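The values are calculated or read from the model by the stated rules, or taken from the named source; none is laboratory data. The model shown is predicted, which means the values in this text are computed figures rather than measured ones. Note that we place each Cβ from the backbone using ideal geometry, even for glycine, and neighbour counts take in every protein chain shown.
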Amino acid sequence: MTDCHFCKMVSGEIATDVLYQDEQIFAFRDINPQAPLHALIIPKRHISTLNDVPQEQAPLLGQMMHTAIRLAAQEGYDERGYRCVINCNREAGQSVFHIHLHLLAGRAMQWPPG
Ligand code: 5GP
Ligand code: ZN
């Protein structure tokens, strides 16, 4: 999608701190980190919200989650712990409408989230 901020990162039009990419997945550091490790893991193809993922594309969500698992281990947080979050639509706090999995680690976290 041409006017999507995250699609522009995937295409390289906007520079970012890339942590990992393959054919389907792109992962980069959040510009406004909420923890010592705060990565965003996105599908390269544009999908606006979780509501727009049909069941046949569910494996893509698994790829995103497994990328988070590997990045958490790579950054040394697999034993300490980490949190994976996807915000869907405004009331949950979604501000960029290209789905993204937040990977947060490196500090003690509260529950429930605010
Ligand atoms: P949301 O609020 O939609 O769940 O999360 C959007 C996230 O994208 C926020 O944590 C925000 O800091 C991050 N973000 C927004 N614009 C940029 C950007 O230009 N570069 C990077 N690296 N992160 C961004
Ligand atoms: Zn997009």
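Run Leu37 past the list (1) in contact (Cβ under 8 Å) with a residue 60 or more places away in the chain; (2) surrounded by fewer than 16 Cβ atoms within 10 Å (Cβ to Cβ); (3) more than 15 Å from Val10 (Cβ to Cβ) and report the number of the one that doesn't hold.
(2)
Could you list, ordered by first residue, the pairs with Cβ atoms under 7 Å in which the first is in segment 54-73 and closer than 20 Å to Ala35 by Cα and the second is among the hydroxyl-bearing types (Ser, Thr, Tyr) and crowded, with 16+ Cβ neighbours inside 10 Å, at least 6 apart or interchain?
Ala72/Tyr82
Filtering segment 14-29 down to residues that are within 16 Å of ligand 2 (Cβ to nearest atom) and in a loop (DSSP other than H, G, I, E, B), which residue is farthest from the chain's Cα centre (by Cα)?
Step by step, filter segment 14-29, then rank; the result is Ile14.
For His5, indicate whether it is at pLDDT 95 or above, in contact with a helix residue (DSSP H, G or I) (Cβ under 6 Å, 6 or more places away or on another chain) and surrounded by fewer than 18 Cβ atoms within 10 Å (Cβ to Cβ).
no
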